[in-house]
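The values are calculated or read from the model by the stated rules, or taken from the named source; none is laboratory data. These numbers were taken from a predicted model, which means no experiment stands behind them. Cβ sites come from the backbone with ideal geometry, for glycine too, and all protein chains shown count toward neighbours.
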Amino acid sequence: MNRQIPAFIIAIFSIFSLHAQSTDPSLPHLVHKNGRHALIVDGEPFLILGAQCNNSSAWPAMLPKVWPAMEALHVNTLEIPIYWEQFEPQPGKYDYSVMDTIIVQARKRNMRLVLLWFATWKNGSNHYMPQWMKQQPEKHPNIIDKEGRPIDSPSPHADATLEADSKAFSAFMRHLKGFDRQHTVIMVQVENEPGSWGTVRDYSLKAQKIFDSPVPAEAIKVMNISPKSNRNWTEVFGRDADEFFQVWHVAKYISKIAAAGKEIYPIPLYVNGSIRDPLNPGWPPTYEVGGPNDNAFELWKAAAPAIDILAPDIYIGDTEGYLKALDLYSRPYNPLFVPETIGFGAFTRFFYAALGHGAIGYAPFGMDDTRVRLGQDGAPLSSEEKYGATALNYRLFKPMARQIAQLNFEGKIQTAVQLSAISPDAERGNSVDRVNYLTDRTLHFDGWDADIAFGTFSRLARSESQPEAPDGRILVAELDKGQYLLAGYHSRVMFRPTGNNRNKPWQYLIVEEGRFVNGEFKVDRILNGDQTDWGLNFAEPTVLRVSVYVR
Ligand code: DGJ
C-alpha cells in the first residue's frame, strides 16, 4: 500500500471522484476516503457477496439452473454476461429481452446484478461478436503477429469494430437507465479479460505505422519519462515498447466504449484481467497482454479514466501468490474487487484476505447448476459439496454485509488467513499454557493485540486431528477501543493488552455470540466459562461481539 502514486494519476482519480460525487447520488457509485473505498448502493456501503455463472448460462432457458445455485450460495449479487451476439443480432437492431428477463428475475429473488459486457474481447478473442461482424473480417480485423500470422484476437486498431461496440454499449446503458430505476444492476464489466494471447501486439501495417509514430504525451507523462518530443514507442519504452503499445491501445479502445456508456448512465464500470503471475511474471506473451496487469496500472489509469476499477481474476493456487495479487490490486487509487476466483475448499478463506485488503466485493466463478461436477468417486457432487465452502462464508456475512462494508470504509477491519497446513509433528512438544499459547499471527489494535492461531482446538492446544487443507480464517473489526466484532472459522483468538498495560491482568467484560438482523446485532447467547477461558474458538463459522478491559 505504500507505493508512490504519480501525481498525474491522483489528478485523474480526483477528477473522476468528483465526477462520481456530482452525479445523481441515488445511483450506485464509488466513494473514496484516505485511500479507502466503498461501493454505495441505495445510499449506503454495499459489500458484493457475489458469484459468477458459467459463460453460457445467461439465457432464459438456463436461468432455472442459475438461481437455485445462487440461493444455495447465499450470494447477494450475481455476475452474469450480456452477449453482444445476442444483443445485436442485426446491425443497429438491439434485443433487450434477455437482459430484461435477467433483471426481472433477479428482483424477484432480491438479488443484485453485475452485468458483464461480453463484446469485442472475451478472454482475448472476438468470439462474442455478432455473426454479421464475424463475416466481415476485413472490416473487423484480428491481430497479425510478428511473423505475419493471424491471431485469434481482435485488433484494438479496428475503428469500425470500436464504433459498433460503442454504439451497442451505449444502447445497452441507455436501456439500463430507463429499465432499472431501482438499481438492481450495481456495476457493469466492460469486455472480458481484454488483450491478446500468443502475440505481444498487433503487427499489421496499420498498427506498425502507429507504433513507429510519436508516443502520445499523456503516456510518456504518466510513466515518468523525460518528455522529449517525437519519439516513437521503441525509442521511449525500449524492450517494453511492444507490450505498452498494446496496453495503451486496448485501454484507449475500452475507455471510449466505457465513456460513451457512462455519459448516458454513470454507474461504476470496471475491467477484469487475466492477470500475470504476481510473483514470477515472466515476459510477454507468456501472459495475456493488453489487460490490466500490475505493470500496466499507470497506463491503464491514464488511458481509461472512465474505468473505475482494474480488477484481478485470481486463479492462483499458491497462498503467497494469491495474497500478492490482492496486494497489487488494492491501491489508494484502485478499489479491490475480485470478479472471478476459485470458490471451492480452502481457497474460500481468501475471501477474508480480500476483506482485509478493503475489498468492495468478491465472486467465485462458474457457480451454477448448468454443469455437473463429479467427485473423486465419479458421482455428481451435491449442491452442498459444490457450494458449501463458499456458502460457509456468505451465510455468515450476508446479514452483516452493509456493516462490514462500512467498517472497511472506515479502515476498522483486519483479517488473517492460515498460510499452510498444520503438520502434527510441528505441534508436538509445543508448550501450551496461558502465557505461551500458540500464535500464528498477531493483529494490532489500539491498546490491544489479538493473537490468532489456526486450526481446531481442545482447550489451549490444537486438537489431534486438523483440517487437511489450511482453511483457517478470521476477521477482527475494531468497533471502539477494546471492543470488537469477530467473524471466523477454524481459528482461535486471544486478546492481550499492550503498551503501558501490557503486564496488567485483563478480562472479558462480555463476549456475545449472535448475528445481525436488520442492521442490529442480535445476541443469541453470552459466552463465558469454558467457552472463553481457553480463548475465543471459532470451530464453526461464528460471529462474536467482544469487550475486553484491563483490571
Ligand atoms: C476467465 C474468464 O474471464 C471466464 O469467462 C472463464 O472463461 C474462465 N476464465 C474459465 O472458465
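For A354, the stated conditions hold: it is touching a helix residue (DSSP H, G or I) at 6+ places or on another chain (Cβ under 8 Å) and either farther than 22 Å from S155 by Cα or of a type in the set (S, T, Y) (or both). Selection within the range 178-217: residues that are assigned to a loop (DSSP other than H, G, I, E, B) and polar (S, T, N, Q). The member of this set that is nearest to the ligand (Cβ to nearest atom) is T199. In a residue-by-residue description of the range 1-18, the property of being modelled with pLDDT under 95, away from the ligand (no atom under 16 Å from the Cβ), in a loop (DSSP other than H, G, I, E, B) and in contact with a Ser or Thr (Cβ under 9 Å, 6 or more places away or on another chain) applies to at least one position.
Being within 16 Å of the ligand (Cβ to nearest atom) and surrounded by fewer than 20 Cβ atoms within 10 Å (Cβ to Cβ) is not true of Y270. Would you mind stating whether D377 is of a type outside the set (S, T, Y) and under 17 Å from L78 (Cα atoms)? So D377 does not fit the description; no.
The set of residues from the range 249-269 being assigned to a helix (DSSP H, G or I) and over 10 Å from A304 (Cβ atoms) comprises H249, A260, G261, K262, E263, I264. Take the range 435-449 and flag every residue that is touching a strand residue (DSSP E or B) at 6+ places or on another chain (Cβ under 9 Å), under 21 Å from D533 (Cβ atoms) and in a loop (DSSP other than H, G, I, E, B). Passing the criteria: Y437, L438, T439, D440. When the range 329-352 is filtered for residues that are buried (at least 22 other Cβ atoms within 10 Å of the Cβ) and among the aliphatic types (A, V, I, L, M), the ones remaining, listed by number, are L336, V338. Just give me the residues in the range 323-339 being within 16 Å of the ligand (Cβ to nearest atom) and outside any loop (DSSP other than H, G, I, E, B), in sequence order. Answer for the range 323-339, where residues must be within 16 Å of the ligand (Cβ to nearest atom) and outside any loop (DSSP other than H, G, I, E, B): A325, Y329, F337, V338.
Can you confirm whether R492 is surrounded by fewer than 18 Cβ atoms within 10 Å (Cβ to Cβ) and basic (K, R)? Spelling it out, it is not the case that R492 is surrounded by fewer than 18 Cβ atoms within 10 Å (Cβ to Cβ) and basic (K, R). Evaluate the range 218-235: report whether one residue or more is more than 29 Å from the chain's Cα centre (by Cα), touching a residue at least 40 places away in the same chain (Cβ under 8 Å), outside any loop (DSSP other than H, G, I, E, B) and under 18 Å from V289 (Cβ atoms). No. Output the residues belonging to the range 310-322 that are crowded, with 19+ Cβ neighbours inside 10 Å and either in a helix (DSSP H, G or I) or more than 16 Å from the ligand (Cβ to nearest atom) (or both). Result: Y322, single match. Evaluated against (1) more than 18 Å from I254 (Cα to Cα); (2) of a type in the set (K, R); (3) within 31 Å of the chain's Cα centre (by Cα), K167 falls short on exactly one condition, (1). For the range 384-401, the criterion of being among the acidic types (D, E) and at pLDDT 95 or above is met by none of the residues.
Residues of the range 317-345 that are free of Cβ contacts under 8 Å to residues at least 40 places away in the same chain, of a type in the set (V, I, T) and touching a Leu at 6+ places or on another chain (Cβ under 9 Å): V338 alone. Checking each residue in the range 362-393 for being away from the ligand (no atom under 16 Å from the Cβ), buried (at least 24 other Cβ atoms within 10 Å of the Cβ) and either farther than 21 Å from T319 by Cβ or over 23 Å from the mean Cα position of the chain (by Cα) (or both) picks out only Y387.
Of all residues in the range 46-87, those satisfying the criterion of being away from the ligand (no atom under 16 Å from the Cβ) and in a strand (DSSP E or B) are F46, I48, L49, T77.
The strands (runs of 3 or more DSSP E) found entirely in the range 450-530 that carry 1 or more residues being under 16 Å from L396 (Cα atoms) and in contact with a helix residue (DSSP H, G or I) (Cβ under 9 Å, 6 or more places away or on another chain) are 473-480, 483-489, 506-517, 520-526.
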